[in-house]
Amino acid sequence: MKRLDCKQILYFILLLFCQTSLSIAQQDLYPFTSSLDRDRFQKLSYEVRCITCQNQSLAESSAPLAIDLRQKIYQMVKAGKSDQDIQHYLVKRYGEFILLHPPVNKLTVFLWGCPLLLLGAALIFSIRFFLKKA
């Protein structure tokens, strides 16, 4: 019978550890009975900004606040709240900044229009610059 050396035993232990880690990672942290609720939860998690990370959605962030907000959204979806109710709750508590795609209104019109204004100004500047060169 062949004896296992120390290196083979370490590889075996590492393999068992990796397999256990993968099975734990595959467990659903937010179990739903309905695939519709799961889809709503995922959609909302991608539409809401992580306050800590600012340029990531809740689904992409691993910040403690993002985990708490995902848990709150999960509880509200499980309670039967509508998407509008959940978004209204989050906006009321954190402001419109929490939405990755805020609605166009008098407070956000500059935010939505600024890229168009800058593009127009760059286009006018470029045309004048090239006309002077010609």
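The table below lists the values:
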read-out	value
Residue within the range 95-102 that is in contact (Cβ under 8 Å) with a residue 40 or more places away in the chain and in a helix (DSSP H, G or I) present	yes
Members of the range 31-53 found to be more than 26 Å from residue 102 (Cα to Cα) and either part of a helix (DSSP H, G or I) or in contact (Cβ under 8 Å) with a residue 40 or more places away in the chain (or both), listed by number	32, 35
Test: residue 69 is outside the structural domain of residue 31 (by TED's automatic domain parsing), surrounded by 10 or more Cβ atoms within 10 Å (Cβ to Cβ) and not aromatic (Phe, Trp, Tyr)	no
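The values are calculated or read from the model by the stated rules, or taken from the named source; none is laboratory data. These figures come from a predicted structure and were not determined experimentally. Positions of Cβ are backbone-derived with ideal geometry, glycine not excepted, and every protein chain shown enters the neighbour counts.
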